[in-house]
Amino acid sequence: MSDPKFIALTPELHDYVVRNGAREDDALAAVRESTAALGDVAVMQISPDQGALMTMLTRLVGATKAIELGTFTGYSAICIARGLEPGGRLTACELEPERAEAARANFEAAGVADRIDIAVGPASETLARLTGSEAEAYDFAFIDADKTGYPGYYESCLTLLRPGGLIVLDNVLRGGTVLDPAADDEGGRVIAELNERIASDERVDVAMLAVADGITLARKR
Ligand SMILES: C[S@@+](CC[C@H](N)C(=O)[O-])C[C@H]1O[C@@H](n2cnc3c(N)ncnc32)[C@H](O)[C@@H]1O
């Protein structure tokens, strides 16, 4: 018998959530369709319901300065950019030049290119540059790049955020493997360790959401 405090999502129920809890417009649908054509890698893209959550969180924080680590073809970045305050800016970090180019085209088509600076290359390098000059200047951070990099990204984002700013970490359940990461799943072990560390990190308020593949909200105190 299932615990009455949560339900397991079926594909039908997830469709229901997307239909009634997200407003994926033509621009975002086009990004989803063009990304699907890339094949299996498309699984990396966030879902429409998570996209709606990203826009909502950005707006609730009142973000004018945001950073994303792991942009891929730009779906989540568009969602964040849409939640920014007027005049706000998003720094979108992507390792692969081809993906950054695809994201750039998608930002143009979605009408948010004027709000997004794309940083091509390892996110750690962009963060090293920014933490030196922009400590406490950011309101919002989304971490969705290589999983082994998460602990360092988390620390850098804490430096970048003002008190009250929000870090959103994606894939914190890692398909359920965080319960017992395989010996050869370094990303799983890193995420599981980081989850435990954030749970008792007095520098942040924390809420882990069982949305999509698991999302942690860490609000800097
Ligand atoms: C899960 S995908 C991001 C999905 C994206 N947020 C979306 O909604 O479409 C992860 C991305 O992080 C990029 N990435 C991997 N390692 C990186 C690094 N060290 N620095 C920056 N980006 C990295 C990958 O190339 C990939 O495009």
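Only aspartates and glutamates eight or more places from LYS65 in sequence, or on another chain, were considered; those with a Cα closer than 14 Å are GLU85, ASP114, ASP117, GLU134, GLU136, ASP139.
Each principal axis of the Cα cloud of region 1-132 was evaluated for its coordinate range; sorted largest first, these ranges are 52, 34, 27 Å. Over the C-alpha atoms of region 11-220, the Rg to Rh ratio, Rh being the Kirkwood estimate, stands at 0.94.
Summary of packing: across the peptides 33-43, 60-70, the per-residue average of other C-beta atoms within 10 Å ranks them, highest first, as 60-70, 33-43.
Cβ crowding within 10 Å, taken as a proxy for footprinting-reagent exposure, orders THR159, THR10, THR216 from fewest neighbours to most as THR10, THR159, THR216.
Under the simplified labelling scheme, the VAL206-ALA183 pair shows an inter-label distance of 2.8 nm, with each label point 7 Å from Cα along Cα→Cβ. Largest mean-square fluctuation among ARG99, ARG189, ARG129, in a Gaussian network model of the chain whose springs join Cα atoms under 10 Å apart, belongs to ARG129.
Rule-based calculations on the coordinates, nothing more; no lab input. Here the structure is a predicted model, which means the values were calculated and not measured. So basically every Cβ, Gly included, is an ideal-geometry build from the backbone, and we count neighbours across all protein chains shown.
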